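One structure below.
Read-outs throughout are calculated quantities, based only on the coordinates presented, and are distinct from any laboratory measurement. In this text the structure is predicted, and so the values were computed from the model without any measurement. No Cβ is skipped: glycine too gets one built from the backbone with ideal geometry, and neighbour counts run over all protein chains shown.
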There are 2 protein chains.
Amino acid sequence: MGDHHVVEAHEAFRALLVADGILQRTSVDGLYLRSATYEQVIRGVEALAHRIGVSAEETYEPLLYLPPLLPRSAFERTDYLRSFPDLVGSVDVFRGEDHDHTELLMLADEGRDWTTKLEPAEVVLGSAACHSLYEGMQGQSVGSQGRRLEAVGFCFRHEPSVDPARQQSFRQHEFVYVGTPEGALEHRDLWAERALNAMLSLGLPVERVVANDPFFGRAGRILTANQRDTELKYEIVCPITSTEHPTAIVSSNLHLDHFGTPFNITTTNGERAHTGCVGFGLERIALALLHVHGTNPTTWPDDVQAQLQQ
Amino acid sequence: MGDHHVVEAHEAFRALLVADGILQRTSVDGLYLRSATYEQVIRGVEALAHRIGVSAEETYEPLLYLPPLLPRSAFERTDYLRSFPDLVGSVDVFRGEDHDHTELLMLADEGRDWTTKLEPAEVVLGSAACHSLYEGMQGQSVGSQGRRLEAVGFCFRHEPSVDPARQQSFRQHEFVYVGTPEGALEHRDLWAERALNAMLSLGLPVERVVANDPFFGRAGRILTANQRDTELKYEIVCPITSTEHPTAIVSSNLHLDHFGTPFNITTTNGERAHTGCVGFGLERIALALLHVHGTNPTTWPDDVQAQLQQ
């Protein structure tokens, strides 16, 4: 019964967004065409997040805009396949000759699976913005000061849903630290605070909670419990379509040496680098704003509009 | 020898863009992380294209921002697989249980092809912006006036290259007409002229040429000849790394009923709709600007900067 109400609330919010021209549905759940109004909100949130980084005491490397794809070799090092196989998007391409093409088209014409004629591409869909950043540091030392990076781009997660806040293709704006364990912890805590304040400044009824990733399967249950026990993940949640199940709009994560080890990134003393990141979920923040303040951003409170100035 | 010089020119321009912080290379050719400077140029070109549409005599439906993915069912109707199988990016996902996951990880750990445990997703990577628009009109009549749409988003084409102007993941800004054959022809010609003027106003040494798509294989040679004979495709080309092989930065296409028929889109008299589109290649226009005016946009001619105002 509870779940039924949640689905109804998702569908009602989606219908509102469609009726007001914010999103246009496609034949696939979780995949939308977006209006210029929506896109301007996204860019406003992006500008806000960037300003927070610029005004921080510590200095971030220049903002990077990411493509929606990740090198397959980098993806395989992230170990994402072990924890979240059900969310992965792998890309296949055709490298055949004329006769292979003829066979492929025969399969397609007969309504059979033509993708059996394809091969894995050099790329996959990116699952998290920070995954694109570790490859460039592979085998390097980041020194005792570590490195601080900022990146924004499209991510993919295969979780078709009627909830407009759970899209298959969505943007993250991340601030990433690579360095010592203490530095990673400090980064996580600093940003959990900054992100909470930023979301409050947008008039969103948010709170910060200990959270866990949706680890897959039997082994995942242990990873989940472990992640919660050690408080490796915080989320800033906001009720969008449900107060009982608020939506995570920012997440802040400690990865320990989960990326430092496979990418062989070290600090000056040869220790494996620890990493941490905060990810602003741009689509979800935009949707939270549209839910709380209405679907016409020109009518939003002046101070909220000011915060979103590009 | 000629080809060798072209590759050297590509590599030299890519090296310049990397040295000046515009692009950051990844381990995959044609896949880049992008600087904020680059992104602002892209957004400037996007704003210029949008203004041209707004000031046109005919009226366009509200601009849509596309996700980098396309519903598989819509993709299969485009017939892209027949003409350009080598450029396609199909997405695979994992829908298995715990034991399938165990097998998948065994394959991955042994360095074997773990993607054999995946299945086709509900989505593929989009190859052209306009492909995302026909699904919404499926089975409908667009009336005698037709419909005029505007959309921008990431496209994928599997053509790894050292040429920074040939990226695997790039953005198109399209203006699309759906209606009568005469309307489609008029749309194509109007926009070929507008786009040429816009590119000239940016100080780019462009010209308009009859062109063809890179149709695949033996059958493709006939399609290519046919497309050129009937002048279905115009391109606006600009020398970026080669005057002998200038780069297409805008393309304007007549599709005849290539989309109208499979998507069953009609005009008032029940005739199959014809379509036409003009696509501004945002990455390529940005790179042409960076090549012609230098990698620091604040030093570009005032009138060019004014044209790119957002």
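Condition first: surrounded by 18 or more Cβ atoms within 10 Å (Cβ to Cβ) and part of a helix (DSSP H, G or I). Now tell me which residues in the stretch A:10-31 satisfy that. Once the filter is applied, which keeps residues that are surrounded by 18 or more Cβ atoms within 10 Å (Cβ to Cβ) and part of a helix (DSSP H, G or I), the stretch A:10-31 yields A:HIS10, A:PHE13, A:ARG14, A:LEU17.
Here B:ARG34 fulfils each of the conditions (1) part of a helix (DSSP H, G or I); (2) charged (D, E, K, R); (3) within 11 Å of another protein chain (Cβ to nearest Cβ); (4) closer than 25 Å to A:GLU46 by Cβ apart from (1).
For the stretch A:139-160, a residue qualifies if it is in a loop (DSSP other than H, G, I, E, B), more than 9 Å from chain B (Cβ to nearest Cβ) and surrounded by fewer than 19 Cβ atoms within 10 Å (Cβ to Cβ), and the qualifying residues are A:GLY139, A:GLN140, A:GLY143, A:SER144, A:GLN145, A:GLU159. When each of A:ALA198, A:ALA248 is tested for being among the hydrophobic types (A, V, I, L, M, F, W, C) and either farther than 21 Å from A:VAL176 by Cα or touching a Lys or Arg at 6+ places or on another chain (Cβ under 9 Å) (or both), the lone residue that passes is A:ALA248. For residues in the stretch A:100-129 being among the hydrophobic types (A, V, I, L, M, F, W, C) and under 16 Å from B:GLN168 (Cβ atoms), which is farthest from the other protein chains (Cβ to nearest Cβ)? My answer is A:VAL124. Criterion applied to B:PHE94, B:PHE75 was being in contact with a helix residue (DSSP H, G or I) (Cβ under 8 Å, 6 or more places away or on another chain), without any contact (Cβ under 8 Å) to a residue 60 or more places away in the chain and more than 8 Å from chain A (Cβ to nearest Cβ), and the one residue passing it is B:PHE75. Residues in the stretch B:164-214 that are of a type in the set (Asp, Glu) and either surrounded by 24 or more Cβ atoms within 10 Å (Cβ to Cβ) or on the phi > 0 side of the Ramachandran plot (or both): B:GLU174 alone. The residue that is nearest to the other protein chains (Cβ to nearest Cβ), among those in the stretch B:37-62 that are closer than 17 Å to B:GLY281 by Cβ and among the hydrophobic types (A, V, I, L, M, F, W, C), is B:ILE42. Restricting attention to the stretch A:102-116, the residues that are buried (at least 20 other Cβ atoms within 10 Å of the Cβ) and either touching a Phe, Trp or Tyr at 6+ places or on another chain (Cβ under 8 Å) or assigned to a loop (DSSP other than H, G, I, E, B) (or both) total 1. A:LEU81 falls short on exactly one of the conditions (1) touching a residue at least 12 places away in the same chain (Cβ under 8 Å); (2) buried (at least 19 other Cβ atoms within 10 Å of the Cβ); (3) touching a helix residue (DSSP H, G or I) at 6+ places or on another chain (Cβ under 7 Å), and that condition is (1).
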